[in-house]
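Peer 1: Would you mind keeping the following structure in view while I ask a few things?
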Amino acid sequence: MRHMTGIVPRIPVARPALPRAEAVLPYLRQIDATRTYSNHGPLVAEFERRIGDRLGLGERQALACASGTMALVGAIMAVRGRHPDKSLCLLPGYCFVAAAAAAGTCGYACHLVDVDPVNWALDPVALRDHPLLDRAGLVLVVAPYGRLPDLAAWELFSRETGVPVVVDAAASLDLFLESGIELPGSVPVALSLHATKSFGCGEGGLMLLGDRALAEDAFRSLNFGYLDTRVAMCPGLNGKMSEYHAAVAHAELDGFEEKRGNWRRVGDSYRAAFGHAEADRPWRLWSTPELSGSYVLCDGGTPDETTRLRNRLVEHGIETRFWYSGGIGGEPAYRDLASDPLHNTETLSARLLGMPCFVDLPDEDIGAIVAALT
Ligand SMILES: *Cc1c(COP(=O)(O)O)cnc(C)c1O
């Protein structure tokens with residue numbers, strides 16, 4: 001993680017910490033015993049059951065997969081069959097590139113829509129009046145930084161408009177586990193278990209499906225089209241999670257109460273340090289539980305002020321990141337996507353600055369980071 005100056009920052013923006021080898025070893029020994037390495041082996045099945053129990057989902061309604069992006073692809077393929085005639089996808093300009101990649105992979109033409117300036121996401125009320133809605137076969141809702149959208153409102157949107165909705169809540173697993181959020185029946189949710197997320201296993205993902213028929217289709221879509229027989233009932237990819245990743249995921253779940261406590265401590269510590277600095281300035285700090293534990297953001301109020309803050313942090317050897325860069329449309333690969341005017345996307349992209357955030361970030365460093373801002 002180097003800055004353009006070539007200087008290694010004193011405090012990096014992220015420093016993932018997954019379970020230590022000793023915690024994973026008992027699960028690896030189970031793999032030695034079963035000699036099952038993938039294909040929905042016992043560790044994957046048990047991990048799905050543990051997560052499903054925690055979230056109030058039935059068997060095979062929490063599905064482990066190879067990555068958050070594959071979870072999105074699987075969820076999209078599952079709803080795709082319900083609206084095969086419409087190939088337009090409406091998605092927010094402000095999100096991580098994986099959303100556009102997943103929709104494009106599933107054959108949709110993407111059209112970027114601006115986000116709400118207050119909650120940084122698509123607005124289910126405003127979207128009802130979108131002129132392209134009757135051509136849309138998919139709305140891809142993104143939960144930025146894990147900030148959860150109103151899932152019940154999206155369920156209602158989908159029911160009333162007839163347009164399938166998939167939620168990219170890649171970073172939200174800690175918030176789901178904490179609050180036991182009610183999952184809407186017809187709106188699949190995709191999560192990431194990437195190392196940089198609050199709950200990680202290296203590379204991994206989860207699809208959460210409140211509807212059993214959709215869950216079967218999602219399962220098939222990431223298993224070559226197979227369900228319980230080796231007969232491909234729909235086009236499918238290989239998006240399965242391996243037993244090795246499931247081993248790490250179990251160990252992560254075993255230790256997650258402690259890890260979540262650490263995410264909390266980092267967020268609380270930033271808030272305490274920031275409390276003094278924030279007064280009579282246009283800045284605002286965002287942290288868990290409003291966001292996923294793995295993010296602390298500083299909103300400078302304006303792009304110019306945020307740039308000033310960022311430069312000051314760089315001078316002090318503190319790394320920061322605009323996690324969604326300039327939004328999807330700012331990436332060369334997606335520059336030519338159809339798009340509405342994206343005023344809110346553009347200002348949020350230049351205002352929401354990712355601050356260093358990792359479980360063992362010392363309180364003294366947090367104090368130094370906030371001091372460098374002021
Ligand atoms: C991390 C992330 C993804 C991608 O997840 P992977 O597990 O890296 O494939 C997609 N969308 C959002 C919002 C993310 O934060």
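The values are calculated or read from the model by the stated rules, or taken from the named source; none is laboratory data. Predicted model only: the values in this text are computed from it and were never measured. All Cβ positions, glycine included, derive from the backbone under ideal geometry; neighbour counts span all protein chains shown. For the accessible areas, the whole protein counts, side chains as well, though only heavy atoms, and no ligand, DNA or RNA atoms are used. Shrake-Rupley method; radii C 1.70, N 1.55, O 1.52, S 1.80 Å.
Peer 1: Could you tell me how far the Cα centroid of the stretch 201-265 sits from the Cα centroid of the stretch 66-117, in Å?
Peer 2: If we compute the Cα centre of each part, the gap is 19 Å.
Peer 1: Of the accessible area of the chain, with the probe set at 1.4 angstrom, what percent is carbon plus sulfur?
Peer 2: 53
Peer 1: While we're here: Give me Rg over Rh for the stretch 2-64, both radii from the alpha carbons and Rh done the Kirkwood way, two decimal places.
Peer 2: Across the stretch 2-64, the Cα-based Rg/Rh ratio is 1.22.
Peer 1: Show me the trypsin sites (Lys or Arg not before Pro) within the stretch 260-367 that DSSP assigns to loop and that have at most 11 other Cβ atoms within 10 Å of their Cβ.
Peer 2: Sites meeting the loop and neighbour criteria: ARG335.
Peer 1: Next up: Between ALA152 and HIS276, what is the FRET efficiency for a Förster distance of 30 Å, r being their Cβ-Cβ separation, to the nearest 0.05?
Peer 2: So, using R0 = 30 Å, E works out to roughly 0.20.
Peer 1: What percent antiparallel are the DSSP beta bridges of the chain, to the nearest 5?
Peer 2: 50
Peer 1: Fully extended, how many nm does the chain gain between GLU305 and THR105 (0.36 nm per residue separation, minus their Cα-Cα distance)?
Peer 2: Taking 0.36 nm per residue and subtracting the Cα distance, the gain is 68.2 nm.
Peer 1: So, counting K/R as plus one and D/E as minus one, what does the shell of residues with Cβ under 13 Å around TYR324 add up to?
Peer 2: Surrounding charge for TYR324 is 0.
Peer 1: Something else about it: If you build the Cα gyration tensor of the stretch 1-123 and take the root of 5 times each eigenvalue, what three semi-axes come out, in whole angstrom, biggest first?
Peer 2: In descending order the semi-axes read 32, 27, 14 Å.
Peer 1: Can you give me the distance in nm between label points at ALA21 and ASP360, each placed 7 Å from the Cα along the Cα-to-Cβ direction?
Peer 2: Label-label distance for ALA21 and ASP360, simple model: 1.6 nm.
Peer 1: Another one. With r defined as the distance between the Cβ atoms of ASP134 and ASP340 and R0 fixed at 22 Å, what FRET efficiency is calculated, to the nearest 0.05?
Peer 2: 0.85
Peer 1: Classify the stretch 197-286 as rounded, prolate or oblate, taking a ≥ b ≥ c as the square roots of the eigenvalues of its Cα gyration tensor: rounded when a/c is under 1.5, otherwise prolate if a/b is larger than b/c and oblate if not.
Peer 2: Because a/c hits 1.5 or more and a/b exceeds b/c, the stretch 197-286 counts as prolate.
Peer 1: Here is a follow-up. Just to check, using Stokes-Einstein with a Kirkwood Rh over alpha carbon pairs, what's the diffusion coefficient of the stretch 138-184 at 20 °C and 1.002 mPa s in µm²/s?
Peer 2: 194
Peer 1: Also: Run through the stretch 76-173 and list the trypsin sites (Lys or Arg not before Pro) located in a DSSP loop whose Cβ has at most 14 other Cβ atoms within 10 Å.
Peer 2: Qualifying residues, ordered by number: ARG82.
Peer 1: Using the Kirkwood radius over Cα pairs, work out the Stokes-Einstein diffusion coefficient for the chain at 4 °C and 1.567 mPa s, in µm²/s as a whole number.
Peer 2: Using the Kirkwood radius from Cα pairs, D works out to 61 µm²/s.
Peer 1: Lysines within cross-link reach of LYS259: Cα-Cα under 27 Å, excluding same-chain residues under 8 positions apart?
Peer 2: LYS197, LYS240
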